[in-house]
Amino acid sequence: MSIKVNENYQNLEQNYLFKTIAQKVNAYTELHPDKKIIRLGIGDVTLPLTNKVIEALHAAVDEMGHQETFKGYGNEQGYDFAIDAVMKHYQSYGVTLNKKEVFISDGAKSDCGNITDIFGDNEILIPDPVYPVYLDSNIMCGRKINFIQASQENNFLPMPNEVEKKSYIIYICSPNNPTGAVYSKDQLKQWVDFANETESVIIFDSAYEAYIHGDYPHSIFEIEGSRTCAIEICSLSKTAGFTGTRMGWTIVPIELVCSGTALNPMWNRRQSTKFNGTAYIIQKAGEAALSPDGFKECKEHIAYYMENAKLLSDLLNKKGIWHTGGISSPYIWLKCPNNMSSWEFFDYLLNELQIVGTPGCGFGQQGEGYFRLTAFGSRESTLEAIERLEKAL
Ligand code: MLT
């Protein structure tokens, strides 16, 4: 066949990180079907959807079943009620958005990948370690990728003074997946100033903002100057347990202009062509999750997960194992005991204790020797994991 393929795909790891883990776990369970595996790997929620969300889903399903209230295609950008709900959520952090700036999506992962569509061949700046989607999606379009190293020395919060001054697309995830490190207002301001000065664009992933504990920015748009240099991508996956329900949003400020072209109409154009909008039923669920009563329920679920995080952290403290995270994020980021590599520790936990975690090196080279545990398990399975770890470590 003479059809050319996108050869950049050859530069990717063979599998997406969580797929490799799933394959290893499946191979293990085939050999040991009697063993009970505890899954603290992929950051997937386990609590069911909240009452307000379920009520909204039922009501929306009923609407779809009646001629008068049935909905076909919606706006690609989202229904007004969902956009309003997002705008009110931002208002609670003191951020005022224009309706045209909010684009409802089916989640942050898709938008993190899709956003590359509106940029040309720029250099990319990616923290290491971080959520692997930023790297993979830029490898897919053949971009030159630069890494900024996050480490214990900089509290896993790399700063712009560690970077050569030029234009980049800069990815920032705060609270960070996997380390849980959160930028303060002052630190984010330094990134915003750097981006404005170098004519860079920040892609700010705030998927874990609802887990923030303390006085940290939930949105990049809390920072002065960000409207001329940042796009924000967020999701209800972790906030409202929507990992299987799928709703998120992207915010592209009207003032954001690159090489004389405004990005907001470009993203609008991209979405209008390639996306037909998030399902009405799901947007109704999202609206309910962001309503005051709905958000209160989400916060209760978050508190439950954060108690899991505390229990895991207490155990690691007791065992003298260095770790961070678990305060403003649902992840515990730990140093593998006995100088094990990330995959060695993964294999040890799987084979000896039947616990699945995520090897730190899957988030970048700087993650080698580290490991991530999620607090998204049930209380019961988290306690069982703790009991197994307590005996073994
Ligand atoms: C993770 O485990 O890092 C997340 O669940 C991945 C995601 O949100 O796509």
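The values are calculated or read from the model by the stated rules, or taken from the named source; none is laboratory data. None of these values were measured; they are calculated from a predicted model. Note that we place each Cβ from the backbone using ideal geometry, even for glycine, and neighbour counts take in every protein chain shown. Quick note on the areas: whole protein, heavy atoms, side chains included, nothing else; ligands and nucleic acids left out. Shrake-Rupley method; radii C 1.70, N 1.55, O 1.52, S 1.80 Å.
Tell me the accessible surface of Tyr208 in square angstrom (1.4 angstrom probe, heavy atoms of protein chains only), to the nearest ten.
10
Output ³J(HN,Hα) for the stretch 230-240: one whole-Hz value per residue in order, computed from phi by the Karplus curve 6.51 cos²θ - 1.76 cosθ + 1.60 with θ = phi - 60°, and x for Gly and Pro.
So the Karplus estimates, Gly and Pro as x, are 9, 10, 10, 10, 9, 7, 9, 3, 8, 6, 10 Hz.
Give the long-range amide H neighbours of Ala150: residues separated by 5 or more places, or on another chain, with amide H under 5 Å away, using H modelled in the peptide plane at 1.01 Å from N.
Asp128
Among Arg269, Arg227, Arg246, determine the one that fluctuates most according to a GNM of the chain built with springs between C-alpha atoms less than 10 Å apart.
Result for the chain, Cα springs under 10 Å: Arg269 fluctuates most.
Hey, what did the stretch 36-153 get for relative contact order, percent, Cα under 8 Å, at least 6 apart? Display every interim value, and only then the final one.
Working: 74 pairs, mean separation 18.4, N = 118.
Value for the stretch 36-153: 16 percent.
Can you give the accessible area of Glu30, probe radius 1.4 Å, in Å² rounded to 10?
150
Please list the equivalent ellipsoid semi-axes of the stretch 1-48, computed as the square roots of five times the alpha-carbon gyration tensor eigenvalues, in descending order and whole angstrom.
Sorted largest first and rounded, they come to 32, 16, 9 Å.
Probe radius 1.4 Å, ligands and nucleic acids ignored: give me the carbon and sulfur share of the accessible area of the chain as a rounded percent.
Reported share for carbon and sulfur atoms: 49 percent.
Could you derive backbone 3J(HN,Hα) for the stretch 111-124 from the dihedral phi with the Karplus parameters 6.51, -1.76 and 1.60 (θ = phi - 60°), listing whole Hz in sequence and x where the residue is Gly or Pro?
Each residue's phi maps through the Karplus curve to give 5, 4, x, 5, 4, 4, 4, 8, 10, x, 7, 9, 7, 10 Hz.
Which whole-Hz ³J(HN,Hα) couplings does the stretch 359-370 yield from phi under the Karplus relation 6.51 cos²θ - 1.76 cosθ + 1.60, θ = phi - 60°, glycine and proline marked x?
Computed from phi, the couplings for the stretch 359-370 are x, x, 5, x, 9, x, 4, 5, x, 4, x, 10 Hz.
Let me know the shape class of the stretch 65-291, please: from the alpha-carbon gyration tensor, a ≥ b ≥ c as square roots of the eigenvalues, rounded when a/c is under 1.5, otherwise prolate if a/b is greater than b/c, or oblate.
Details: a/c = 1.78, a/b = 1.49, b/c = 1.19.
Judged from the Cα gyration tensor, the stretch 65-291 comes out prolate (a/c at least 1.5, a/b above b/c).
Per residue of the chain, what 222 nm ellipticity follows from adding -39500 (n - 2.57) for every DSSP H run with n ≥ 4, rounded to the nearest 500?
Mean residue ellipticity at 222 nm (helix-derived): -11500 deg cm²/dmol.
Give me the net charge of Ala289's neighbourhood, meaning all other residues with Cβ under 9 Å from the Cβ of Ala289; Lys, Arg count +1, Asp, Glu -1.
The answer is -1.
Skipping prolines and chain starts, which residues have an amide H placed within reach, meaning under 5 Å, of the one on Asp205, given they are 5 or more residues away or on another chain?
Those lying under 5 Å, H to H, from Asp205 are Ile172, Cys173, Ser174, Ile233.
Which value, in Å to one decimal place, does the Kirkwood hydrodynamic radius take for the stretch 223-341 when every pair of different Cα atoms is included?
17.8
What percent does the relative contact order of the stretch 65-291 come to when contacts are Cα pairs within less than 8 Å and at least six residues apart? Numbers along the way, then the final one.
On the way: 416 pairs, mean separation 58.0, N = 227.
Relative CO of the stretch 65-291 lands at 26 percent.
Solvent-accessible area per residue for the chain at a 1.4 Å probe radius, Å²?
Heavy-atom SASA per residue in the chain reads 45 Å².
Net charge near Lys335: determine it from the other residues with C-beta under 14 Å of the C-beta of Lys335, scoring Lys and Arg +1 and Asp and Glu -1. Write down the numbers at each step before the final one.
On the way: positive: Lys319, Arg372; negative: Glu153, Glu344, Glu368.
Charge balance in the 14 Å sphere: -1.
Let me have the relative contact order for the chain, percent, based on Cα pairs under 8 Å that are six or more residues apart.
Here the relative contact order equals 23 percent.
Cut-off 10 angstrom, C-alpha nodes, Gaussian network model of the chain. Which of Ser226, Ser259, Ser105 fluctuates the most?
In the Gaussian network model the winner is Ser259.
Could you identify which residue out of Gly214, Gly78, Gly107 has the top mean-square fluctuation in a GNM of the chain using Cα springs shorter than 10 Å?
Result: Gly214 has the largest fluctuation of those listed.
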